[in-house]
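Notes follow once the structure below has been shown.
The values are calculated or read from the model by the stated rules, or taken from the named source; none is laboratory data. Fair warning: this is a prediction, and the values are worked out from it, not measured in the lab. Here Cβ is always computed from backbone atoms with ideal geometry, including for glycine, and neighbour counts include all displayed protein chains.
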Amino acid sequence: MPAQLERLIEEQNTTWQRMQDIQSLAEREGRDWTAEERANWDAAEKRLTEVSGDIERLNKMAALDKVDRSQIAVTTGEPENRRGEGDGEERTRQYTEAFSVYLRGGMDRLTPDQRNLMMDQQVSLRAMGTNTDAGGGFTVPEEFRNIMTETMKAFGGLFGLAEVITTSTGANLNWPTNDDTSNEGEILGENQPTGEQDLQLGGKELKAYTFSSKQVRLSLNLLQDSAFSLETWVPKKLGERIGRRSARAWTTGTGVDQPEGLTTGAVVGKTGANGQTTSVIYDDLVDLEHSVDSAYRANAQYLMHDLTLKVIRKLKDQQGRPLWQPIPAPGFPATINGFTYNIDNSMPVPAAGAKSLAFGDFKAGYLIRQVLDVQTLRLVERYAEYLQVAFLGFARMDGMINDPSAIRLYQHSAS
């Protein structure tokens, strides 16, 4: 573990203990806090928020370094059985180099061999059944695509928790569902036949909505500057934009011409009492946790906006112990009432009627579908008079509640 992360964890625990000492001293002496204690508490709480945020960022960066390539296949336009592993790696390297040249100078800068490689990777948007007017884009090489995909995970906590499936085409995908929990077996008497109980199968349909980064315009001077890391910067910017929009779709999407969001499709397990328009109490969290069947609680977590975490960090159980516990040691997560949590700032903030907390097994409860290849377009003529080139990234995805029993929401009272 990096020394910086260890130092921050130690400071987090020390700061938290200092806050508890201030509170305990006043309680033991049966008095209100002094002005000095209030000032010390406020200063410690501010620092705790800063340190916790830094820890979260470092943990995310560590996760980004661990790229999962298990669902990524870079096509080269040549059948697998016609090349060995070494040949495939070499063609991948050649295509990455060609794509880099394409970003900076367009097709005119490519050698004939590079041009052929690029054309092998051209994808027709019309053939994929989209409503985009553009004729097509080029598959992003593996190294570039990893930057984009992992950046998307950093913006949406749910993306890293849900079940993610990858398909090679954008055709509508039928997804079967089944709830057999109300049925059970039987005890047979001697010489008695077995009963019958059919499985009731349902189904949902996953689509492939197009998420666009919008255009990123760069000057020709910048493109010609070899010192500028275009190969890293462009995918990062496109990924950030797509990531922010898709994260909001996973949490609050309406399900009409867009994904079904978590707070739209999941069941409310607990509603706050009148007056709890921006607050949460300990009993509500206990009720929310037990609204999820125990079959799912072993893998259950909390998901919330950072402002919701700020509210929960002030809560205590019936013995006066804080529900939020900082990281006890390197390698262990912070917890709320014994459960780990994740921050997704696309979740609603505490407000009247808002569904600000989700709890459950998100791997079982929410499903994200993505079409394999992230695409990018290079628009040259459109901004030629400005001596600019525009880049456009897009990804095709959908999301929905998969197992409704696995996740429950906390909803603030309306008034």
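In table form, for the structure just shown:
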item: Residue check for GLN388: more than 26 Å from LYS204 (Cβ to Cβ), modelled with pLDDT under 85 and polar (S, T, N, Q); result: no
item: Residue satisfying condition, being at pLDDT 90 or above, closer than 20 Å to VAL268 by Cα and crowded, with 20+ Cβ neighbours inside 10 Å, within set ILE401, ILE368; result: ILE401
item: Output for the range 287-296, where each listed residue is surrounded by fewer than 20 Cβ atoms within 10 Å (Cβ to Cβ) and modelled with pLDDT of 95 or more; result: ASP287, HIS290, SER291
item: Top-ranked residue in the range 27-58 [being crowded, with 16+ Cβ neighbours inside 10 Å and either of a type in the set (A, V, I, L, M) or farther than 21 Å from GLN12 by Cβ (or both); ranked as modelled with the lowest pLDDT]; result: LEU58
item: Residues (in contact (Cβ under 8 Å) with a residue 40 or more places away in the chain and not in a loop (DSSP other than H, G, I, E, B)) located in the range 273-294; result: TYR282, ASP284, LEU285, VAL286, LEU288, GLU289
item: Enumeration of residues in the range 17-57 that are of a type in the set (Ser, Thr, Tyr) and part of a loop (DSSP other than H, G, I, E, B); result: THR34
item: Pairs, first surrounded by 10 or more Cβ atoms within 10 Å (Cβ to Cβ) in the range 174-185, second assigned to a loop (DSSP other than H, G, I, E, B) and polar (S, T, N, Q), C-beta under 8 Å, six or more apart; result: TRP175/ASN402; THR177/ASN402; ASN178/GLN200; ASP179/GLN200; ASP180/GLN200; ASN183/GLN197
item: Condition check for SER415: among the polar types (S, T, N, Q), surrounded by 18 or more Cβ atoms within 10 Å (Cβ to Cβ) and part of a loop (DSSP other than H, G, I, E, B); result: no
item: All positions within the range 282-311 that are farther than 13 Å from GLY338 by Cα, under 23 Å from the mean Cα position of the chain (by Cα) and of a type in the set (A, V, I, L, M); result: LEU288, VAL292, LEU303, MET304, LEU307, LEU309, VAL311
item: When residues of the range 254-283 are limited to those that are touching a strand residue (DSSP E or B) at 6+ places or on another chain (Cβ under 6 Å) and of a type in the set (Gly, Ala, Ser), the one nearest to ASP361 (Cα to Cα); result: ALA266
item: Residue that is modelled with the highest pLDDT, among those in the range 356-365 that are of a type in the set (Gly, Ala, Ser) and outside any strand (DSSP E or B); result: SER356
item: Residue that is modelled with the highest pLDDT [pool: residues in the range 172-202 that are of a type in the set (A, V, I, L, M) and within 25 Å of ALA364 (Cβ to Cβ)]; result: LEU173
item: Count of the range 321-355 residues which are part of a loop (DSSP other than H, G, I, E, B) and free of Cβ contacts under 8 Å to residues at least 40 places away in the same chain; result: 4
item: Those residues of the range 300-320 which are assigned to a loop (DSSP other than H, G, I, E, B) and surrounded by 14 or more Cβ atoms within 10 Å (Cβ to Cβ), in sequence order; result: ALA300, HIS305, ARG313, LEU315
item: Members of the range 28-59 that are touching a residue at least 12 places away in the same chain (Cβ under 8 Å), over 32 Å from the mean Cα position of the chain (by Cα) and more than 19 Å from VAL311 (Cβ to Cβ); result: GLU37, ASN40
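Here is a yes/no grid of residues against (1) of a type in the set (Gly, Ala, Ser); (2) touching a Pro at 6+ places or on another chain (Cβ under 9 Å); (3) over 24 Å from THR251 (Cβ atoms):
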{"position": "LYS316", "(1), (2), (3)": "no, yes, yes"}
{"position": "PHE339", "(1), (2), (3)": "no, no, no"}
{"position": "ASN345", "(1), (2), (3)": "no, no, no"}
{"position": "GLY353", "(1), (2), (3)": "yes, no, no"}
{"position": "SER356", "(1), (2), (3)": "yes, yes, no"}
